[in-house]
């Protein structure tokens, strides 16, 4: 292989793509899209979960409605004296959203409370009403049964549970498994998206050279393997630049928006305090992370660039970033030569669908395995799957992010990947060098097998 | 300069080229001739080291075809193409660099050629924006900008507009005058007659005839009659032991076969029509091709 020629191809592939408007538009838009997505989901989390539905209670027991109204005075309304039919009419006409009928027998533990409504409000309404009714009824029945306060406290008491990770040096550290699971899954997802999208770019590039008939001129100047390697490396350079820019932009955006988010969240907490249960709001906003409320309040009253989020984001280790790039590059190299080989067998992108399936399947499989691996990163299944080269790039990075993966496993998976990149490149190059000169006619798997044996 | 010897190439069970041999010399134009599917393009691809022969070898300036010889050749394939989204200048520079020119050398010759073809204004345009004729010019430039000693054109005139056809002809003749080796393939015989010094006739993967064009023609002798006439030409169909090529209602090209004589045909013609012209000439290439193919077929069935 003549590396000077590989370099010429690499430069063309790189500069040609980096000079296009599409490259810059996508490079700039993706982080903003991501920021919007994250911002949006935080906003939804923080949005007051208003009890907008008004429910009327027909309370045959006569003792429950008061306690229910104490649970949520905005939601519950006493319909004392009205009949069920009258209540139903009100539901029909829309004056109330629902009618909650509490039969007398409910205090004996026999009858069912019934909610008559038009179906708006969904699962969360049903859930919260069920919870309210249950706790009110239980309360009353406990009182009736003359249970002592001591026993009731026993029921109410919570069992504390914290987890602590012991790292290799024997130093305990705070366990942020939930956070790292999310990070691991997101990293796997990014590699999944990157493999499919950069793979498609390679495939389109190869198909373009075939359909535009440029390939024969190029083949009269360099070897197909030089073109193939130059193309793969050129587009990987594009990918690295794009990811680098994204990293910079993300850091910039998050640095710029952190004070804003902190301010908004602190505002939320401030008003939440005046509302009923501030714990709930805070807990839902922070997913149960430790909250330093005073810090947040301070931030709210004094927003400055140094403001920090009202909760701590666990640190992302540098090694994880390096592993991400390692597995991303290895995965890209493995899949891109497969995509190039497929591109070489077709004249139009639509033709290649049939042949693309076998390449997309392992990528999708790895993604689906990841749902399992995220929850159980250290099972035999996770270990084996993450060491199969076609799955490694997506599954191994998730395991590395979540758990302590033994170094030998990472080593083995990297060696296996490098080995299969080499093997796949050789096979792809054989298909590629014959495929690029082929024109007309559909190519099936039988033909591919034949090409592997054929000299060019 | 180009020495093709005993070249074989098959694809699966199909034998595309069988034992092909010929030589193309500097300062001359060599024509590969034959119907579509006769093995011309496969042979050209082997000369360009795009395909590797199963057997036999190609030598360029006495070096076996490979990455080194690729630099000496400028090749314009039959299926022509450029990157549509790339600018003319960048694209030409890319091809120049692949052929081993440095960036500065490349830029210099690109400017010269664009000027020569009155195309300097296009340098910053994307190829997709150019007309078909314009991109054909860019294609010529891409073929010869590295000043190759050998220029190979596969069906160069197919799809060219008349202006570009003339331009390409001029360029080819110029290259010849500069002492370059030129090889082109065509299935249109009259182009070969006009331009080629040497030819190789391909049929079904084999070179059935090769050599100096005028020598080949004279070896066939003046065995063809060109007849121009006025009147009812139906008597021509009744003449025996001839092959009639290129017939119209006032003209016929008659190849005389064994058992027939030119004088006998003349006699008949005078009796039937008013003869405007009667000339005994060397056979046309079409005629040579047909009779060669027929005779090799005869040999094949005899053995």
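The values are calculated or read from the model by the stated rules, or taken from the named source; none is laboratory data. Since we're looking at a predicted model, the values are computed, not measured. Heads up, the Cβs are rebuilt from the backbone with ideal geometry, glycines too, and the neighbour counts pull from every protein chain shown.
The table below gives the values:
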| quantity | calculated |
| --- | --- |
| Of all residues making up the range A:172-212, the number that are over 26 Å from the mean Cα position of the chain (by Cα), within 14 Å of another protein chain (Cβ to nearest Cβ) and either farther than 22 Å from residue A:337 by Cβ or assigned to a helix (DSSP H, G or I) (or both) | 8 |
| Any hit, the range B:57-65, residues being in a strand (DSSP E or B) and within 14 Å of another protein chain (Cβ to nearest Cβ) | yes |
| Residue within the range B:95-108 that is over 21 Å from residue A:10 (Cα atoms), in the same structural domain as residue B:16 (by TED's automatic domain parsing) and within 20 Å of the chain's Cα centre (by Cα) present | no |
| The range A:144-162: number of residues that are surrounded by 11 or more Cβ atoms within 10 Å (Cβ to Cβ) and at pLDDT below 80 | 2 |
| All helices (runs of 4 or more DSSP H) inside the range A:378-456 with 3 or more residues being within 14 Å of chain B (Cβ to nearest Cβ) and closer than 24 Å to residue A:361 by Cβ | A:407-435, A:445-453 |
| Residue count for the range A:79-112, restricted to those that are under 12 Å from residue A:61 (Cα atoms) and surrounded by 14 or more Cβ atoms within 10 Å (Cβ to Cβ) | 6 |
| Test result for residue A:58, farther than 30 Å from residue A:260 by Cβ and either touching a helix residue (DSSP H, G or I) at 6+ places or on another chain (Cβ under 7 Å) or modelled with pLDDT of 85 or more (or both) | yes |
| Within the range B:38-50, tally of residues that are within 11 Å of chain A (Cβ to nearest Cβ), in a loop (DSSP other than H, G, I, E, B) and under 21 Å from residue B:158 (Cβ atoms) | 2 |
| Every pair of residues 6+ apart whose Cβ atoms lie under 6 Å, when the first sits in the range B:268-295 and is on the phi < 0 side of the Ramachandran plot while the second is exposed (fewer than 14 other Cβ atoms within 10 Å of the Cβ) and assigned to a strand (DSSP E or B) | B:274/B:230 |
| Any chance residue B:71 is at the interface with another protein chain (Cβ under 9 Å from one of its Cβ atoms) and surrounded by fewer than 20 Cβ atoms within 10 Å (Cβ to Cβ) | yes |
| Residue among A:125, A:115 that is assigned by TED's automatic domain parsing to the domain that holds residue A:64, under 20 Å from residue A:56 (Cβ atoms) and modelled with pLDDT of 85 or more | A:115 |
| Residues being in contact (Cβ under 8 Å) with a residue 12 or more places away in the chain and within 16 Å of residue A:191 (Cα to Cα) - total across the range A:246-260 | 1 |
| Pairs, first more than 20 Å from residue B:84 (Cβ to Cβ) in the range B:111-124, second at pLDDT 90 or above and not in a helix (DSSP H, G or I), C-beta under 9 Å, six or more apart | B:112/B:145; B:113/B:145 |
| Sole residue being more than 22 Å from residue A:204 (Cα to Cα), in the same structural domain as residue A:208 (by TED's automatic domain parsing), at pLDDT 80 or above and not in a loop (DSSP other than H, G, I, E, B), chosen from A:33, A:39 | A:33 |
| The range B:82-114, subset within 15 Å of residue B:143 (Cα to Cα) and outside any helix (DSSP H, G or I), residue farthest from the other protein chains (Cβ to nearest Cβ) | B:101 |
| The one condition in (1) touching a helix residue (DSSP H, G or I) at 6+ places or on another chain (Cβ under 6 Å); (2) away from every other protein chain (no Cβ under 14 Å) that residue A:26 fails to fulfil | (1) |
| Residues that are surrounded by 13 or more Cβ atoms within 10 Å (Cβ to Cβ) and not in a loop (DSSP other than H, G, I, E, B), drawn from the range B:227-243 | B:227, B:228, B:229, B:235, B:236, B:242, B:243 |
| Test set (1) crowded, with 18+ Cβ neighbours inside 10 Å; (2) assigned to a strand (DSSP E or B); (3) out of contact with any helix residue (DSSP H, G or I) (no Cβ under 6 Å at 6 or more places or on another chain) - residue B:151 fails condition number | (3) |
| Among the candidates B:26, B:35, residue that is modelled with pLDDT of 95 or more, more than 11 Å from chain A (Cβ to nearest Cβ) and in a loop (DSSP other than H, G, I, E, B) | B:26 |
| Filter pass, residue A:353 being closer than 22 Å to residue A:209 by Cβ and out of contact with any helix residue (DSSP H, G or I) (no Cβ under 9 Å at 6 or more places or on another chain) | yes |
| Leading residue by the ranking (surrounded by the most Cβ atoms within 10 Å (Cβ to Cβ)) among those in the range A:1-23 that are free of Cβ contacts under 8 Å to residues at least 40 places away in the same chain, within 10 Å of chain B (Cβ to nearest Cβ) and not in a loop (DSSP other than H, G, I, E, B) | A:16 |
